[in-house]
Amino acid sequence: MKVAGPTPELHGTRITTPLREPDLTLTGTSGRPVNLLKATEGRLTLVYFGYTHCPDVCPTTMADLAAALRKLTPAQRARIAVVFITTDPWRDTPKVIKSWLASFDTSFIGLTGDYAKIQAAAKPLGIALERPSSTTGDYEVTHGAEVLPFGTDHRAHLIYTAGVSATDWAADLPKLLREQAATAKGGSA
């Protein structure tokens, strides 16, 4: 992935070649298969790879996104999906993910499944995942901390690194929705 650089109008970084949203089917929090593309069709989709036992960046990112969404209008909120894809499927069962995400926002979509499939989906997005040496006891999972906003064209034109505040997200999300609407109409953002 090549970055074009920071944008003065947004808190993310533009990327030179848009990233394609993975056509990925994993297990949702209901225990049934969920296809990422179908479940988020027509919405700005914020995808994050992380795990529920993460001591720092994962809960902070989810909390910041949830706080930002609460600052939007109901109409804006309805046009956004937040997807959490676990990097720790050994502990992150559908029930665990559902409970954890509910502490942030019950509308967040949680996905789990085969680690190799998750890793294969993350790799072309530039999200680094490293399988833990042990999946028993208390262990940490090395993972990237980026949020990728995919438009209705199923492409990400930006990447957000860790540390974007709820205030910054609340400022950026309406702008991303406007960009998405302009792109959908064939205009430029």
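The set of residues in segment 7-22 that are over 14 Å from the mean Cα position of the chain (by Cα) and assigned to a loop (DSSP other than H, G, I, E, B) comprises T7, P8, E9, L10, H11. Is at least one residue of segment 157-174 touching a helix residue (DSSP H, G or I) at 6+ places or on another chain (Cβ under 8 Å) and at positive phi? Checked segment 157-174: no residue is touching a helix residue (DSSP H, G or I) at 6+ places or on another chain (Cβ under 8 Å) and at positive phi.
Scanning segment 82-92 turns up at least one residue that is within 15 Å of V47 (Cβ to Cβ) and either of a type in the set (K, R) or touching a His at 6+ places or on another chain (Cβ under 7 Å) (or both).
In segment 55-88, what residues are open to solvent by less than 10 Å² (accessible area, probe 1.4 Å), acidic (D, E) and part of a helix (DSSP H, G or I)? If the condition is that a residue be open to solvent by less than 10 Å² (accessible area, probe 1.4 Å), acidic (D, E) and part of a helix (DSSP H, G or I), then no residue fits.
Just one residue in the set T52, T40 is within 19 Å of A122 (Cα to Cα) and under 12 Å from the mean Cα position of the chain (by Cα); that residue is T40. Taking the conditions exactly as written (within 15 Å of the chain's Cα centre (by Cα) and in a loop (DSSP other than H, G, I, E, B)), does A162 satisfy them or not? Yes: the conditions hold for A162. On the given criteria, is E21 open to solvent by 50 Å² or more (accessible area, probe 1.4 Å) and over 20 Å from D88 (Cβ atoms)? It is false that E21 is open to solvent by 50 Å² or more (accessible area, probe 1.4 Å) and over 20 Å from D88 (Cβ atoms).
Scanning segment 151-161 for residues that are touching a Pro at 6+ places or on another chain (Cβ under 8 Å) and open to solvent by less than 20 Å² (accessible area, probe 1.4 Å), which turns out nearest to L36 (Cα to Cα)? Across segment 151-161, the extreme among qualifying residues is A156.
Could you grab me the full set of residues in segment 106-133 that are within 15 Å of G28 (Cα to Cα) and either touching a Gly at 6+ places or on another chain (Cβ under 7 Å) or not hydroxyl-bearing (S, T, Y) (or both)? Hits for segment 106-133 are F108, I109, G110, L111, G113, D114, K117, I118. The set of residues from segment 90-132 being open to solvent by 50 Å² or more (accessible area, probe 1.4 Å) and under 18 Å from A63 (Cα atoms) comprises V96, K98, S99, A102, S103, T106, S107. If the condition is being under 25 Å from A170 (Cα atoms) and either open to solvent by 70 Å² or more (accessible area, probe 1.4 Å) or assigned to a loop (DSSP other than H, G, I, E, B) (or both), then segment 133-150 contributes G144, A145, E146.
The values are calculated or read from the model by the stated rules, or taken from the named source; none is laboratory data. Keep in mind that what you see is a predicted model, and the values were worked out from it rather than measured. A quick note on method: Cβ atoms are made from the backbone with ideal geometry, for glycine too, and the neighbour counts reach across all protein chains shown. For the accessible areas, the whole protein counts, side chains as well, though only heavy atoms, and no ligand, DNA or RNA atoms are used. Shrake-Rupley method; radii C 1.70, N 1.55, O 1.52, S 1.80 Å.
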